[in-house]
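Please read the structure below before turning to the comments.
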Amino acid sequence: MAIIMRGKELAAQIRADLAEEISAIKKETPKRPGLAVIQVGQDPASTIYVNNKKKACEEIGIQSYGYDLPAEISDQDLKKLIETLNHDPRIHGILCQLPLPGHRDEAQFIHAIAPQKDVDGLHPLNAGLLLQGHDCLLSCTPAGILTMLKAYDLPLAGKHCVVIGRSNMVGKPVAQLLLKENATVTMAHSKTLELPALCRQGDILIAAIGRPQFITADFIRPGAVVIDVGINRNADGKIVGDVDFDRVLPLVSAITPVPNGVGPMTISMLMANTLTAFKRQENIS
């Protein structure tokens, strides 16, 4: 029977451990980790994500600072806010909720965040450090995926991992993390030829493409581990992943569900990054 890798329970344990560590720190210093969350516009899905992040901060003892901005804010004013937060000693982490409304160049705002406060792990400096195998603030979803694989004692060294999707937020960084664990990694994407045949070679398959239930049984090697990063709504309005869970389940050795799989881990990794950034900036061991 396949293992259902329930990130919700693991994420709750991680947050409990973080809360305990923050509580211990508070006994030694009045300083408190602070996270600034910037939301531009009122996209309903983004609002849900932002609220969940704020709730997680409150749960574990991180001070959350919310900045709800109008969709029409100028690029200049948004970068000015980020620069102000870069120099605010209360703020140890800065998150700009993506995607931004309109056709903005999101990279300019990611680049504007001070690397030491980049708790999303998307700044080019952090991405470059990851590429070279150095310590850095990790992109949250990839960090959550790796944490789940290790928590369930799933071996990585020597395994063939196929990553579908090459985004800067998930695909590329998770590939680097898997390489660091001595896995053999193949990256696939929309232009990959014979995609199902390629995926069937994978001991571990990570789907991060944003297409509801695109990954069917034809993509799965019997006994494979499947990590579903997708969060989509199907034609009936139901939240589903990139993987056709019911049809794939009989073939796999382990799989993440959607919802309550990778998603909760992403928020817990954001909390962990914020605490790490706080400790580094305040020189707390």
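Modelled spin-label separation between K54 and H160, with each label point placed 7 Å from Cα along the Cα-to-Cβ direction: 4.8 nm.
Partner lysines whose Cα lies under 20 Å from the Cα of K80, excluding those fewer than 8 positions away in the same chain, are identified as K117.
Stretching the chain fully between D17 and S253 yields a gain of 82.1 nm (0.36 nm per residue, less the alpha carbon separation).
Under the classification rounded if a/c is under 1.5, otherwise prolate if a/b is larger than b/c and oblate if not, where does the stretch 31-115 fall, given a ≥ b ≥ c as square roots of the Cα gyration tensor eigenvalues?
Verdict is oblate for the stretch 31-115.
Extending 7 Å from Cα along the Cβ direction at Q108 and again at Y152 yields two label points whose distance is 4.2 nm. Around the amide H of T192, modelled in the peptide plane, lies no amide H under 5 Å away from a residue 5 or more places distant or on another chain. The charge dipole of the chain, taken about its Cα centre with unit charges on the Cβ atoms of Lys, Arg (+1), Asp and Glu (-1) only, comes to about 280 debye.
For the stretch 100-203, just say rounded, prolate or oblate: build the C-alpha gyration tensor, square-root its eigenvalues into a ≥ b ≥ c, call rounded for a/c under 1.5, and beyond that prolate if a/b exceeds b/c, oblate if not. Judged from the Cα gyration tensor, the stretch 100-203 comes out oblate (a/c at least 1.5, b/c at or above a/b). Which of the aspartates and glutamates could a cross-linker span from K150 if the Cα-Cα distance has to be under 13 Å and same-chain partners fewer than 8 positions apart are dropped? Correct list for K150: E181. Looking at the chain, the DSSP beta bridges with both ends there are about 5 percent antiparallel. Shown in residue order for the stretch 206-219 are the 3J(HN,Hα) couplings computed by the Karplus curve 6.51 cos²θ - 1.76 cosθ + 1.60 at θ = phi - 60°: 10, 9, 9, 10, x, 10, x, 6, 6, 7, 9, 4, 5, 8 Hz (x for Gly and Pro).
What is the dipole size for the stretch 192-285, taken about its Cα centre, with +1 at each Lys and Arg Cβ and -1 at each Asp and Glu Cβ, in debye to the nearest 20?
220
Each peptide among 79-90, 219-230 gets the average number of other Cβ atoms lying within 10 Å of its residues, and from highest to lowest they stand as 219-230, 79-90. Simple point charges give the picture: +1 on the Cβ of Lys and Arg, -1 on the Cβ of Asp and Glu, and for the stretch 140-263 a dipole about the Cα centre of about 300 debye.
For the pair A235 and H134 in one chain, pulling the backbone fully straight at 0.36 nm per residue adds 32.0 nm over the alpha carbon distance. Taking the Cα centre of the stretch 47-135 as the origin and placing charges on Cβ (Lys, Arg +1; Asp, Glu -1), which of A107, V119, Q63 is farthest toward the positive end of the dipole? Result: Q63. At an R0 of 30 angstrom, the distance between the Cβ atoms of N168 and I3 translates into a FRET efficiency of 0.50. Computed from backbone phi, the HN-Hα couplings of the stretch 35-42 come to 10, 9, 10, 9, 10, 9, x, 10 Hz, rounded to whole numbers (Karplus: 6.51 cos²θ - 1.76 cosθ + 1.60, θ = phi - 60°; Gly and Pro given as x). With a/c under 1.5 counting as rounded, go ahead and sort the stretch 140-263 into rounded, prolate or oblate using the C-alpha gyration tensor (a ≥ b ≥ c being the square roots of the eigenvalues; past the cut-off, prolate if a/b is larger than b/c, else oblate). The shape class here is rounded.
For the pair T216 and Q42, how long in nm is the line joining their label points, each one 7 Å along Cα→Cβ? With each label placed 7 Å out from Cα toward Cβ, I get 4.1 nm.
FRET efficiency for the E282 to M187 pair, using the beta carbon distance and R₀ = 41 Å, is estimated at 0.65.
Throughout, read-outs are computed from the coordinates displayed, never taken from laboratory work. Everything quoted here is computed from the prediction, not taken from an experiment. Note that each Cβ is placed from the backbone with ideal geometry, even for glycine, and that neighbours are counted across all protein chains shown.
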